[in-house]
Each structure stands twice: as structure tokens, then as C-alpha cells.
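Just so you know, all these numbers are worked out from the coordinates, no wet-lab data involved. What you see is a predicted model, and the numbers here were worked out from it, not measured in a lab. Every residue, glycine among them, receives a Cβ derived from its backbone with ideal geometry; neighbour counts consider all protein chains shown.
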Amino acid sequence: MRFERIGREPDYSRYMDLKEGWLDRRIFSDADIYEEELYRIFARSWLFVAHESQIPSSGDFLTTHMGEDAVIVARQPDGSIRVMLNSCPHRGNKVCFADAGNTRRFVCNYHGWAFDTAGDLKGMHEEYCYDAGDIDFKNHGLKNVAKVGNYKGLVFATFNSDAPSLEAWLGDFRWYLDMILDNEEGGTEFIGGCIKSVISANWKFGVENFIGDAYHAGWTHDSGTRSMNNGQPFPPIDMDNSYHASVNGHGWEFGTEGVGDLFLLGRPKVMDYYNKIRPKMEERLGEMRSKIFGSVASASIFPNVSFLPGISTFRQWQPKGPMQFELKTWVIVNKNMPDDIKEEVTKGVMQTFGPGGTFEMDDGENWENCTTVNRGVVTRHERLHYRCGIGRQIEHDTLPGIVYRGQYNDANQRGFYQRWLDMMTHDEFGKMPARPEPQLGNVAETRDLPGLFAL
Amino acid sequence: MLDRPLAPPPVEVIVAVTQALHREARLLDNEDFEGWLAMLGKDVSYRLELKSRRFRADRSPPLPFGPGVIFNEDLGRLKMRVDRLKSGFVWAEDPPNYIRRAVSNVEVLATQPDNEVRVHSVLVMHRNRIDGTTRLLTAGRTDLWRSEGGAWLLTAREIVLDHSVLPDSNLNAFF
Ligand code: FES
Ligand SMILES: [Fe+2]
């Protein structure tokens, strides 16, 4: 599938110089650039659509968006998962208005066209109005996406039939992802519902905050940290033993102290739980990853998913125009955790990173005002500074990806915008440079690779 | 379970509890958080559950750990929230936001034990943020209030927020 947009062919490289470390603010506010993002990034990337645990049984479904395209994600009788446009091929009406549920059929409200959970057209109200030859049932189902993939429970879909496999898309970043998705036998699940909120900010501000902006935490979240920590501010960061790692626009920033995010969750029982399973985690993922997990850390998967390993909030920034996104958040836990630990995690997440959480409450307005201030035509032509730590790139013998030393850094943000630029610029996936070249090789299972030195 | 309907509470009780609701809203609007905390029982529970939009005929079972909550607070947690607000480090509240609460549709119902009442009310919250943007939130509330030492104290509040997508970037406000 190719989705051409007629007319504009701007040179997006003039909106940034990542070697110098600056971005043009128009990428956060310009309506034409936003439209182009929908075509070139959202219609071509692998996009997160669900955790498989949200739709465990045949007929389970949920509704979400891929870019601004509304989709239904549905579990099939054979256990597979289908993703299809939530729009009727008759006049285009939205077909399903529920957030989630279980059903045998999706029936359109307008004229009663009825589809099964695979999206196939099965019948309609007053079917006799169509003569033989008027309608080909086979070709009038809900349009399915080009590909659906599942990485350790996270279900992704893409409209792009030319997209590489999901494994190749995630690439070496799987080594990092395994820390949250595979740190214990049994994998993960989402528990509780989904919280949705609308934020008047550009979607990229949410992604870049989680991909690398450890720097804001000590200042923005000062009040939250102090209220949870007997008046003490955020502890200083160990710049020698903390890192940014970037793989094709995905990124993870992290310390190696093992406890920071678990502490911020504010639920001692959860800390105890992870300390108990840590030796097993080390057997499973190797020493380095067992030290990283639980540290002060945050991560994003290109283009629009983020999470905090250890704090267990998982979220997606859904674009809704250049100056608005819808934030969806879930709680992710290990499936094999005892129920009381799962409940502790849920409590902790809501108290810290729910919309009424002590940390979450500080973020939204910053992103909103970083965005809306660009309504000013002079303001929007000013550059933004992304140069922090630009000279701190290192070769690390364990950590895959483009690695920078020091958690306070703009390195992952620069990696994210580099990938953004690559996708906005290149028509063909094959021509897009790998950043960096894959280091772990074409392995099926990255969990068992302790790191680079083992290769 | 009660086996017989209870007589409605005396008019004085209805007036006193309704006044308590109005007073509570005024204290919060004026950021008199200590005054508000003094209106809460020691055992207060303060909850806001998540909702999700489902078909009426939906066949799926309830989620194993419930729908999730936005607030599930006890007195200690509410005090922590107040401490945070008073810390002087909440940049998003400085200069202050303007919040105005309107309480209405108040129904005061008798319950057991005798010194408690169940109260339904509707809250409309108007927030004018530091950047000048305005948001309007509405919620239904079901409370338990208890008469203790001559005052009515809030001991339980279940909040139902009327928005499937929160129209605001945070819920940094008490309902
Ligand atoms: S638009 Fe769906 S049945 Fe007509
Ligand atoms: Fe933050």
C-alpha cells in the first residue's frame, strides 16, 4: 500500500540540524507538516494497537486509532488477531462506538450492514434491495490492515505492505524491550481499564519526554517527589553509570542502580517483589539488564508508545491535529505476579502516573504550552535547543544501539527526530539508513543475549 | 440490607448536610485545604473509578482486577496531596488556577447507623488555568456523612466523572 499525497515536497532537513543540536518549532505546530506525518509516519510505521491480554477470548475486541484512522482490533475464533478500519464501506459511518467488549457482529448504525469479527460483510437490513451483481460481499468488508504482528504480548499493526517484519522494525531494541516484557516467566498483561485524556499539545512532546528527558524530572516533579519522599528532592543522577540508548528512533534512558523507579512507585511491597525475583531475572536477562530494570528510566517505541519500566505505566500518544493528542494509559504487570502485588502496582501507578497522580499532574501543561505558544508566527520560527550531551557518545561493550553516557542528555531525542526525518524524507523503507547497523544479528530471541560482548 | 424503608432524615439534618456540601466547595475553591481536611472522617475513603464505553448487550465478563481507579485515597493520601499543593513547588498552580465548584441536586437519605446519611449530589467544576484556558468538568457523587461531636464529617465519596475522555491534562483538584 502506498498513500500518496499530492502537492507538497518540502525538504524536511531544513527543520533540524541534529549534529548541531537544534529543531525548528514548526514541526510541533504546522498543520501541513502534521498532515504529512499522518501519511509518512503513521500510515507507514508499525503502530501499537493492543496488548493481547486485553482481548483474550474469541469475539473480544477493542477500538483504537492508528494515526487518526479509527480501527477495531478483534480476537478471531482461531486465536489470531485482526485489525480493521472502523468505518463502513457503504457510506463510511463509524461502525463500532464501544471502547471494548465481546461480540459476534459489528452492525453499522446507518443502514444495518453487518460484519463478523474478521470484518467480512455478512448481511444487511432489507438485503432484497440489492439485485444480483449489485454488491460483491467479498470485497465490501471492513478493510483489514496490511500486517499484524505480536512481540511478546504487544500487538502492532501497519497499513504498509512494504514494512519490514515487526522483529526487524524493533530490531536490537528488543534487547531493551525484553526488560519490561520478559523479565519473568509468563510475560506481561494489562490490568484495569484504559484512561483517556485530551492534551492540547503536539504528540511528539509526549514521546520525546519519555524517550530521554530524565532531565525534567527533578525540576518539574519536585513537588511530587518531595511529597512522597519526606520533603527530600529528587536525588542527583550518577552521570557515569547512566545512559541513553537509541535504535532506529526507539529509545531507552536509564540508570543502573536498580531501584529508582521502583522507589518512585511508592509501594514497598513491589520493590520487595522485584528484589526477590532479581536473581532469576539475572539468569534470564543477564547481569546488565537485571541492574537496569527498576532504575530511574523511561522509554519510547517509535513513533508513539512510551512506558516506565519499574513504574509500570504504559501509554500511547494518539495524534489529534498538530496541537492536540489523546493520551491513553494502561497498567502493565507480570502475569505471574501474585494478585496482591498486581493490586499494589495498580495503586502505585494511579497514585503517581494516573491523571490524578502526583507526577503526571505536572507534565501536561508544560507540553501544552511548549506547543500552543507557537501560535505566534514569530515565535514558531525560533529554534529549540537539543544539544545536551552532544559530545558524550560512547562505544559500550554490553549495550546495543547508539549509546551516550549520562542520563541527562538529549541524545535519544535527537535519535527520535533523526528517525522522524528519515521517514519524512525517504519514500522507500529499504533506502532508509539503519541507525545504528544491527549489532545483535538476526536472532529470534534477544532475551538470552546478555549483551554485545557475548557475540 | 435493610428490611424496611427508613423514614427520611429530619429537616435540620438535611439543611446541615447540604450546608456542609456548600461549605466544602467554598473551602476548596479558596484553597483552604486544612479547613477541608478537617471536614473529613479519619476513616474517609475517596474514590473515582474508571469507566469504559460498552455496548448495552456486551457479553464480556468484568475485568479480573476491576475497572481501575483514578482516585482511591485514604486520609493519609489526601493529606499527601494537600502537602504537595502547599509545597510551593507546584509550578502548574503558580500563579493560581481559578476553580469554582457548583454543587446541586442534593438528596440526603437516611441510612444505618442513625448518625450517618447517604448523600447524592452533582458537582460542576469550572477550571480556569494559568494559561487562560477553561475546562468544565461534571461529576456525580455519592457520599456518606457522619455526625460526630456536633459536626458532619465526610467518610466516603464515590465520584463518577461524566467524561469518557478527560477533557483536561490533569485532575489536580478535589471533587
Ligand atoms: S453507512 Fe454503514 S450501512 Fe450504510
Ligand atoms: Fe514528567
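Just name one of A:VAL148, A:VAL49, A:SER161: the one whose Cα is farthest towards the positive end of the charge dipole of chain A (beta-carbon charges, Lys/Arg +1, Asp/Glu -1).
The listed residue farthest towards the positive side: A:VAL49.
For a quick check: sort A:SER57, B:SER60, A:SER300 by the number of other beta carbons within 10 angstrom, fewest at the front.
Exposure proxy ranking, most exposed first: A:SER57, B:SER60, A:SER300.
GNM, chain B, Cα, under 10 Å: largest mean-square fluctuation among B:PRO62, B:PRO96, B:PRO113?
Comparing B:PRO62, B:PRO96, B:PRO113 in the GNM, the peak value goes to B:PRO62.
Alpha carbons only, please: Rg and Dmax for the range A:47-149, in angstrom.
Using the Cα atoms of the range A:47-149, the pair Rg, Dmax is 13.5, 43 Å.
Please report, ordered by residue number, every helix of chain A (full DSSP H runs) that is 18 Å or longer along its axis going by C-alpha atoms and whose mean Kyte-Doolittle hydropathy reaches -1.0.
Working: long enough: A:268-285 (24 Å, -1.34); A:339-353 (20 Å, -0.63); A:360-372 (19 Å, -1.75); A:411-425 (21 Å, -0.94).
Those that pass (Cα extent of 18 Å or more, hydropathy at least -1.0) are A:339-353, A:411-425.
Considering Cα pairs under 8 angstrom that are at least six residues apart, work out the relative contact order of the range A:47-149 and quote it in whole percent.
22 percent
Could you work out the mean count of beta carbons from other protein chains within 10 Å of each residue's beta carbon in B:45-57?
4
Quantify how strongly other chains surround peptide A:215-224 by giving the mean number of their Cβ atoms within 10 Å of each of its Cβ atoms. Kindly include the intermediate steps, with their values, before the conclusion.
On the way: counts 0, 0, 0, 0, 2, 3, 2, 6, 11, 6.
Other-chain Cβ atoms within 10 Å of each residue's Cβ, averaged: 3.
Measuring from centroid to centroid over Cα atoms, what is the spacing of the range B:118-157 and the range A:74-111 in Å?
If we compute the Cα centre of each part, the gap is 38 Å.
Sort A:186-194, A:158-166 by packing, meaning the average of other beta carbons within 10 Å per residue, with the highest value first.
Sorting A:186-194, A:158-166 by mean packing, highest first, produces A:186-194, A:158-166.
Got a sec? How would A:ASP340, A:ASP363, A:ASP448 order by Cβ neighbour count within 10 Å, fewest to most?
Least crowded to most crowded, the residues run A:ASP340, A:ASP448, A:ASP363.
For A:GLU343, A:GLU365, which order do you get if you count the other beta carbons within 10 Å of each Cβ and list the fewest first?
In order of increasing Cβ crowding within 10 Å: A:GLU343, A:GLU365.
What's the FRET efficiency of B:GLU158 with A:ARG380 using the Cβ-Cβ distance as r and R₀ = 45 Å, to the nearest 0.05?
Details: r = 45 Å, r/R0 = 1.00.
The pair B:GLU158/A:ARG380 has a calculated efficiency of 0.50.
Calculate one ³J(HN,Hα) per residue across the range A:315-322 by plugging θ = phi - 60° into the Karplus curve 6.51 cos²θ - 1.76 cosθ + 1.60, and present them in order as whole Hz with x for glycine and proline.
8, 9, 9, 8, x, 9, x, x
With just the Cα atoms of the protein assembly as shown, tell me how far they stretch along each of the three principal axes, in Å, largest first.
Largest first, the protein assembly as shown extends 79, 74, 56 Å along its Cα principal axes.
How long are the semi-axes of the equivalent ellipsoid of the range A:173-454, defined as square roots of 5 times the Cα gyration tensor eigenvalues? Whole Å, largest first.
Details: eigenvalues 150, 122, 65 Å².
Whole-Å semi-axes of the equivalent ellipsoid: 27, 25, 18.
How shielded is A:96-105 by partner chains, expressed as the average number of their Cβ atoms within 10 Å of its Cβ atoms?
Working: counts 1, 3, 7, 7, 7, 8, 7, 5, 1, 0.
Per residue, the average neighbour count from other chains is 5.
Just to verify a number: FRET efficiency for A:VAL443 and A:HIS111, C-beta to C-beta distance, R0 = 51 Å, to 0.05?
With a Förster radius of 51 Å, E is 0.50.
So what is the relative contact order for the range A:173-454, in percent, with contacts set as C-alpha pairs under 8 Å and at least six apart?
31 percent
For the range A:51-137, which GluC sites (Glu not before Pro) are both in a DSSP coil and crowded by at most 16 other Cβ atoms within 10 Å?
Answer in residue order: A:GLU68, A:GLU126.
Note down, for the range B:105-168, the three equivalent ellipsoid semi-axes (square root of 5 times each alpha carbon gyration tensor eigenvalue), biggest first, whole angstrom.
Calculated on Cα positions only, the semi-axes equal 30, 13, 8 Å.
Kirkwood Rh over Cα pairs of the range A:129-216 into Stokes-Einstein at 20 °C, 1.002 mPa s: D in µm²/s?
Once the numbers are plugged in, D ends up at 122 µm²/s.
Which of A:VAL345, A:THR64, A:SER295 sits farthest toward the positive end of the charge dipole of chain A, with +1 on the Cβ of Lys and Arg and -1 on the Cβ of Asp and Glu?
Value: A:THR64.
For the range A:336-455, what's the relative contact order in percent, using C-alpha pairs closer than 8 Å and at least 6 residues apart? Write down the numbers at each step before the final one.
Details: 72 pairs, mean separation 21.2, N = 120.
Contact order relative to length: 18 percent.
Past the 21 angstrom mark, what percentage of all C-alpha to C-alpha distances in the range A:349-427 do you count?
56 percent
So, R0 is 25 Å and r is the distance between the beta-carbons of B:LYS86 and B:THR133; what FRET efficiency does that work out to, to 0.05?
For B:LYS86 and B:THR133, the calculated efficiency is 0.55.
So what's Rg/Rh here for the range B:1-93, counting alpha carbon atoms and using the Kirkwood radius for Rh?
Using only Cα positions, Rg/Rh for the range B:1-93 is 1.09.
Using unit Cβ charges (K, R positive; D, E negative) and no other charged atoms, how large, in debye to the nearest 20, is the dipole of chain A about its Cα centre?
320 debye
Please identify, among B:GLU24, B:GLU49, B:GLU148, the residue showing maximal mean-square fluctuation in a Gaussian network model of chain B using a 10 angstrom Cα cutoff.
B:GLU148
Dipole of the range A:47-149, Cα-centred, from +1 at each Lys and Arg C-beta and -1 at each Asp and Glu C-beta, to the nearest 20 debye?
180 debye
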